[in-house]
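Here the structure comes first, spelled out in structure tokens, and everything after it is commentary.
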Amino acid sequence: MSQTETPTPSNFIRNFIQEDMKSNKWGGRVITRFPPEPNGYLHIGHAKSISLNFGMAAEFGGKCNLRFDDTNPLKEEVEYVESIKEDVKWLGFDWENREFYASDYFHQLYGFAVRLIEQGDAYVDSLSPEEIRKYRGTLTEPGKESPYRDRPVTENLDLFERMRAGEFEDGAHVLRAKIDMASGNLNMRDPTIYRIRKTAHHRTGDKWVIYPMYDYTHCLSDSLEGITHSLCTLEFEDHRPLYDWVLRTLEVYHPRQIEFARLNLSFTVLSKRKLIQLVEGGYVSGWDDPRMPTIQGFRRRGFTPESIRTFCERIGVAKRDSVVDLALLEHCLREDLNKRAPRVMGVLNPLKVVITNYPEGESEELEAVNNPEDPAAGTRQVPFSRELYIERDDFMEDPPKKFFRLAPGREVRLRYAYFIKCEEVIKDEDGAVVEVRCAYDPATRGGDAPDGRKVKATLHWVSAGHAIEAEVRLYDRLFNHPNPGAGKTDFTEHVNPKSLTVLKGCKLEPSLASAEPESLHQFERLGYFCADRRDSRPGRPTFNRSVTLRDQWAKIAQKGKK
RNA sequence: UGGGGCGUCGUCAAGUGGUAAGACACAGGAUUUUGGUUCCUGCACUCGGAGGUUCGAAUCCUCCCGCCCCAGCCA
């Protein structure tokens, strides 16, 4: 679209694929896959992987499969597969008809296992889990071979068949690859590839009581699907020798596994375990709480798919552990919303203003621009009358030097309306300002003075008699530490107690009465707000603040405090 | 004397022997009926450190230092 797009940096994975294309390693094909386990909700870290996998495929004219890695019936549920599909779709990616499940390959996987046994490359072990752990050795000492390691092929075949038939209880036997108990790589010390689990699977039901392990399943699933580049995170680097061993030993089609660093974001956590803790510990209202770094959370907060995709492109892909600044994500949202979000006026903390020289009982309509960045968005009419609300923060009785909003004796502009000058301040018995009385200049209708005089500030406002009331939720970062849980602290101690502020009597311009759930607006001078997809109702909207506008004044005021 | 990986600006990140891209952040300035947007300007004589090879090194070699991952019948 725009010619001034930020060029996306290249990365080592793209370079690898380009080399492979040049050498025609895969016959010009690029097939990737996004392989979530359906045991939880997707978060922004998954978005990086999704964007990488679908992005690389698209860039090279290839395809990306959606494959559920569902080999552990104890943890997986259909609820999760549904939410994952919804999220990937919402992010804007299309797997067309290539929706696969590792469980669809159970039969073939079983066949391959039989082959490994026949070749003498796998054996049924009858050691207990604890014994297997002891035999495995330690990081610095080699393991010991199981006494069952040299069972004859026929016995292995018989036992494995009986495992499948359900003759044994959970844990009685496992199938292990026969590799090298002395390997420095623990994954190669005769890894378990099948275990007995008499548990119903969300897709295969009671058909199977033995389930293949990840290392064995993943490489073969990739192979079966004709994947060219199997992109995964760094912690699987140690597993690559096993990935390669299985495919090489079985002499089947052999994709290339490439590992990249997972995403870390400042001021939040992205591990499934910690996310669960936030939900179950009641720190947030659920997986889709707008403060959560889940796709569902970002969506409810008002982040757009486009902004998340742009973010994923800009952070790049590399192998080094890193923590991306949350500010970049916020920047991507502002950049996107600045172009598309219609502007409206809403007063969050109302202060009443009475225009003393404006006739009582009368009102008029003023024309307001919907989006200065997009002329096609047109204009709308906003009602104006004698009693208005302005933001409390926009008035100071005794303003500091750099404050150029409303103050006693000072003149400012009400956006799209008139210049007003503060003439009187009304206080309650405690000395709190409850009302400001101003005079308006009828000649400045629309916001310009015919005599050319200038004002230093333009304020947003809402006509008191026409305003609709709304609940507005102000969200701030969930943690008050850039690296929650740093050092010895428990990460929950870094939860920001002020991450949510609920404002009840907010006054919004009437056009917002019909705001659609999930619609995005810029409340001028405040930020971008999203009508909550769960709680917002016509005539009674509820808005979530997605992100504030950049705010020079806030910085100046902050400096003044220090 | 286990194995695997990684160290380039405050934060990400290009760079693959020819003399340090870009983005965010930050700091100035211009424009502005959003202290928004936009637009200029500044921001690594230096690439974890020390040696070496070379006319020339972030890129090659050697040694050292630091950080991350691995001992699930989880993925």
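Which of (1) open to solvent by less than 70 Å² (accessible area, probe 1.4 Å); (2) more than 20 Å from A:I355 (Cβ to Cβ); (3) within 9 Å of RNA strand B (Cβ to nearest atom) is the odd one out, the single condition A:R380 does not satisfy?
The number of the failed condition is (3).
Does A:I227 count as aliphatic (A, V, I, L, M), more than 26 Å from A:V124 (Cβ to Cβ) and buried (at least 20 other Cβ atoms within 10 Å of the Cβ)? Talk me through it step by step, then tell me what you get.
Working: aliphatic (A, V, I, L, M): yes; more than 26 Å from A:V124 (Cβ to Cβ): yes; buried (at least 20 other Cβ atoms within 10 Å of the Cβ): yes.
Considered against the rule, which asks whether it is aliphatic (A, V, I, L, M), more than 26 Å from A:V124 (Cβ to Cβ) and buried (at least 20 other Cβ atoms within 10 Å of the Cβ), A:I227 comes out as yes.
Can you tell me how many residues in segment A:12-56 are assigned to a loop (DSSP other than H, G, I, E, B) and not aromatic (F, W, Y)?
14
Given the options A:F303, A:F267, A:F236, name the one that is in contact with a strand residue (DSSP E or B) (Cβ under 8 Å, 6 or more places away or on another chain), near RNA strand B (Cβ under 8 Å from one of its atoms) and aromatic (F, W, Y). Full working, then the answer.
Working: A:F303 fails: near RNA strand B (Cβ under 8 Å from one of its atoms); A:F267 fails: near RNA strand B (Cβ under 8 Å from one of its atoms).
Among A:F303, A:F267, A:F236, only A:F236 is in contact with a strand residue (DSSP E or B) (Cβ under 8 Å, 6 or more places away or on another chain), near RNA strand B (Cβ under 8 Å from one of its atoms) and aromatic (F, W, Y).
Where residues in segment A:319-350 are open to solvent by less than 50 Å² (accessible area, probe 1.4 Å) and β-branched (V, I, T), which of them is farthest from RNA strand B (Cβ to nearest atom)?
Only one residue tops the list, namely A:V347.
For segment A:279-289, indicate whether the set of residues that are touching a Leu at 6+ places or on another chain (Cβ under 6 Å), open to solvent by less than 20 Å² (accessible area, probe 1.4 Å) and either over 18 Å from A:G527 (Cβ atoms) or not assigned by TED's automatic domain parsing to the domain that holds A:L478 (or both) is non-empty.
Checking segment A:279-289: at least one residue is touching a Leu at 6+ places or on another chain (Cβ under 6 Å), open to solvent by less than 20 Å² (accessible area, probe 1.4 Å) and either over 18 Å from A:G527 (Cβ atoms) or not assigned by TED's automatic domain parsing to the domain that holds A:L478 (or both).
So, in segment A:168-192, how many residues would count as being open to solvent by 10 Å² or more (accessible area, probe 1.4 Å), touching an Asp or Glu at 6+ places or on another chain (Cβ under 9 Å) and acidic (D, E)?
So the count comes out to 1.
What strands (runs of 3 or more DSSP E) lie completely within segment A:396-440 and have 1 or more residues being over 28 Å from A:V369 (Cα atoms) and touching a residue at least 12 places away in the same chain (Cβ under 8 Å)? Reasoning before the result, please.
Values: elements: A:411-414, A:419-427, A:433-440.
Once the strands (runs of 3 or more DSSP E) in segment A:396-440 are filtered for at least 1 residues that are over 28 Å from A:V369 (Cα atoms) and touching a residue at least 12 places away in the same chain (Cβ under 8 Å), what remains is A:419-427, A:433-440.
Quick one: what pairs do we get from segment A:128-143, first residue more than 6 Å from RNA strand B (Cβ to nearest atom), second open to solvent by less than 80 Å² (accessible area, probe 1.4 Å) and assigned to a helix (DSSP H, G or I), C-beta under 6 Å, 6+ apart or different chains?
What qualifies is A:G143/A:Y135.
Whether any residue in segment A:193-200 is open to solvent by 30 Å² or more (accessible area, probe 1.4 Å), polar (S, T, N, Q) and within 9 Å of RNA strand B (Cβ to nearest atom) is what I want to check.
No; the residues of segment A:193-200 include none that is open to solvent by 30 Å² or more (accessible area, probe 1.4 Å), polar (S, T, N, Q) and within 9 Å of RNA strand B (Cβ to nearest atom).
Which of the strands (runs of 3 or more DSSP E) found entirely inside segment A:311-394 contain at least 1 residues meeting this: without any contact (Cβ under 8 Å) to a residue 60 or more places away in the chain?
Passing ranges, in order: A:363-369, A:379-385.
Quick one: A:L250 ticks every box in (1) open to solvent by less than 20 Å² (accessible area, probe 1.4 Å); (2) within 14 Å of RNA strand B (Cβ to nearest atom) except a single one, so which number is it?
All conditions pass for A:L250, except number (2).
In segment A:534-559, how many residues are modelled with pLDDT under 95, open to solvent by 50 Å² or more (accessible area, probe 1.4 Å) and away from RNA strand B (no atom under 11 Å from the Cβ)?
The qualifying residues number 3.
Considering only segment A:451-488, state which residues are within 11 Å of RNA strand B (Cβ to nearest atom) and more than 14 Å from A:I390 (Cα to Cα).
Hits for segment A:451-488 are A:K454, A:V455, A:K456, A:P482, A:N483, A:A486, A:G487.
The values are calculated or read from the model by the stated rules, or taken from the named source; none is laboratory data. Every value quoted in this text rests on a predicted model; they were computed, and no experiment measured them. Heads up, the Cβs are rebuilt from the backbone with ideal geometry, glycines too, and the neighbour counts pull from every protein chain shown. With ligands, DNA and RNA removed, areas are computed over all heavy atoms of the protein, side chains included. Shrake-Rupley method; radii C 1.70, N 1.55, O 1.52, S 1.80 Å.
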